[in-house]
Amino acid sequence: MNKRGVGRVLGFLLLLTAGAQLLPLIVDLIYGEGDWSAFLFTAVFGAVAGWCLMFLGRNNQDLRHREGFAIVTLGWIAVGLLGALPFLITGTIPDVTDAVFESISGFTTTGSTILTDIEGVCRSHHAIIFWRSLIQWLGGMGIVVLALAILPLLGVGGMQLFQAEAPGPSPDRLTSRISETARLLWGVYLIFTLLEALLLYLVGGLPIFDAACHALTTMATGGFSTLNTSVGGFNSPAVEWIITVFMFLAGVNFSLHYLAMTGRIKAYARDDEFRFYVGVMIAGSALVLLALFMADAVETVPGAIRDAVFQVVSIGTTTGYGTTDYVLWPPLTHAVLLLLMCTGGCAGSTGGGIKMMRVLLLLKHAHVEMKKLLHPRAVYTLWFNERSLPASLPTRVLGFFQLFMLVFVFGVLILTLAGRDLVTAVGATAATLGNIGPGLGDVGPTSNFAFMTGFEKWILTMLMLIGRLELYTVLVLFLPSTWRKV
């Protein structure tokens, strides 16, 4: 393990996070609430720590896969700890465990919160609420991918990092240079964020602060809101439909968005995963709507359609916004939403979960295995986007799915041993491992995680990291061979 090289890049990530403190600092100066010193201290502390790591980590050795895994995981932990300082210094979240939980929840775009009165905090700490939203936006595309656009200036190659961090089983390289790929993806990300903020402000009628915060957390599929009752608190169909559209876009592979912006709009229709993603969202919305009608839980048809589509897209993309308390919905809707919590968005999107591509490949593999029962001597090939796939790929995807379920069962068992009821344990584990935010039971859309013990919060924090970094990136660091000298 090239530990000095790892430390150098970690230092650079801390410098980036320190620089990001300037934005909430400016917000606080605008509102004049006196929190600017907390962000200034965090910026200085992060810059000094980052510079020291970069200075001590000077070397000319190349980074390999093992260093890539270490940088991604340790980097996320480092920026999460640094991001917790403003909460602690301002006293908005005085407990260390709670502050780290909130910060990691933000950077991993999970959206689970321990704040019980978000609006109360917002009235006197606008900069803190903006910081909550900003860390989700940074984590959405990945603060490590952001660094890839600048790492070549340090003489460090970035392909290992991109493979370890990019949200999907096979990240697309839009260009031959990984730094250029990172810039393109962030460019698309920024354009969508600005467009949503403008629509929420001009069409939805939201104040500019609320519009900006919700645009940041929508495109990150994070779900932090400025209201205690989330998006439903605005009581605006226009706002809900705008956010629904952008949640859907955030759940799509950003490579497709780039191709569409360069005139290749047919890339959407040609992509197998995108078509599957659309089908899942339509089918999920239809099932939820049908369950609501069958249970006679519909007040108005337009309202029911809006609630069903919004909640399915919100949970399916792992954003986690809420417009209604779906815990009160019929049991069938709970089953649909729980499945969507695990599947997540497309590979290459900002969503969490298993990813649509893996689910689709598992279904294709199951179909081939059934055909082999009828024709044992036949040779079948898996196809994806008109290309044949390596025979080893289904095995790797199946291995990921099995590991995901093992971690999921581990989380449920730990929470039930801690005294939680089964529904809450399943909901909390799915919400954090899938990076969704709200779950089921006592952690539903109208609740939060403040009531949980410190031990439970640390377990859920670990699940957030494991889920956001797609299991292997974190778990591989527990192998002794990762740290041995080669």
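Each value in this text was obtained by applying a stated rule to the coordinates, not by laboratory testing. All values derive from a computational prediction rather than experimental measurement. Glycine gets a Cβ as well: all are built from the backbone with ideal geometry, and neighbour counts include every protein chain shown.
Candidate cross-link partners of K3 among the lysines, defined by an alpha-carbon separation under 17 Å and a same-chain spacing of 8 or more, comprise K485. Straight-line cross-link partners of K266 among the lysines, defined as a Cα under 30 Å from its Cα and at least 8 positions apart when in the same chain: K355, K364. Each peptide in 295-305, 70-80 was scored by the mean count of other Cβ atoms within 10 Å over its residues; highest first, the order is 70-80, 295-305. Only Cα sites of segment 377-442 enter the Debye sum here, all with the same form factor; the resulting log10 I(q)/I(0) across q = 0.13, 0.21, 0.24 1/Å is -0.53, -0.82, -0.96, listed in q order.
Only Lys, Arg, Asp and Glu carry charge here, each on its Cβ (+1 for the first two, -1 for the last two); on that basis segment 323-435 has a dipole of about 540 debye about its Cα centre.
Peptides 239-251, 105-117, 261-273 ordered by packing proxy, namely the average of other Cβ atoms within 10 Å per residue, highest first: 105-117, 239-251, 261-273. Please sort by residue number the trypsin sites (Lys or Arg not before Pro) in segment 381-486 whose DSSP state is loop and whose Cβ has at most 11 other Cβ atoms within 10 Å. Loop-located and lightly packed - R484, K485.
Amide H contacts for F384 (H built 1.01 Å from N in the peptide plane; partners 5 or more residues away or on another chain; cut-off under 5 Å): L389. The convex hull defined by the C-alpha atoms of segment 25-112 has an orientation-averaged projected area of 7.2 nm².
Overall, the chain carries a charge dipole of about 2260 debye about its Cα centre when +1 sits on the Cβ of Lys and Arg and -1 on the Cβ of Asp and Glu, all other atoms neutral. Positive end of the dipole of the chain (Cβ unit charges, origin at the Cα centre): among V239, C122, G454, the Cα lying farthest that way belongs to G454. Protection proxy ranking of 421-432, 277-288, by the mean of other Cβ atoms within 10 Å over each peptide's residues and highest first, is 421-432, 277-288. Length gained on full extension, L422 to E299, computed as 0.36 nm times the residue gap minus the Cα-Cα distance: 41.2 nm. Just the projected area, averaged over all directions, of the convex hull on the alpha carbon atoms of segment 327-400: how many nm²? Result: 7.0 nm². Over the chain, what is the mean sequence separation of C-alpha contacts under 8 Å (at least six apart), divided by residue count, expressed as relative contact order in percent? Reported relative contact order: 17 percent.
Segment A450..W241, full-extension length gain: 72.2 nm, with 0.36 nm per residue of separation and the alpha-carbon distance subtracted.
Going by a ≥ b ≥ c, the root eigenvalues of the Cα gyration tensor, does the chain fall in the rounded group (a/c under 1.5), the prolate group (a/b larger than b/c) or the oblate group? Rounded.
Working note: Karplus 6.51/-1.76/1.60 with θ = phi - 60° gives segment 116-132 the couplings 9, 9, 5, 5, x, 5, 5, 5, 10, 9, 4, 5, 5, 5, 5, 4, 4 Hz, where Gly and Pro are set to x. Shape analysis of segment 101-141 places it in the oblate category; the axes a ≥ b ≥ c from the Cα gyration tensor give an a/c of at least 1.5, with a/b not above b/c. Expressed as a whole percent, the proportion of Cα-Cα pairs in segment 253-311 lying more than 13 Å apart is 66%.
Per residue, the chain reaches -21000 deg cm²/dmol at 222 nm when only DSSP H runs of four or more residues are counted, each adding -39500 (n - 2.57). Along segment 347-359 the Karplus relation, 6.51 cos²θ - 1.76 cosθ + 1.60 evaluated at θ = phi - 60°, assigns HN-Hα couplings of 5, x, 9, 8, x, x, x, 5, 5, 4, 4, 5, 4 Hz to successive residues, with x for each Gly and Pro.
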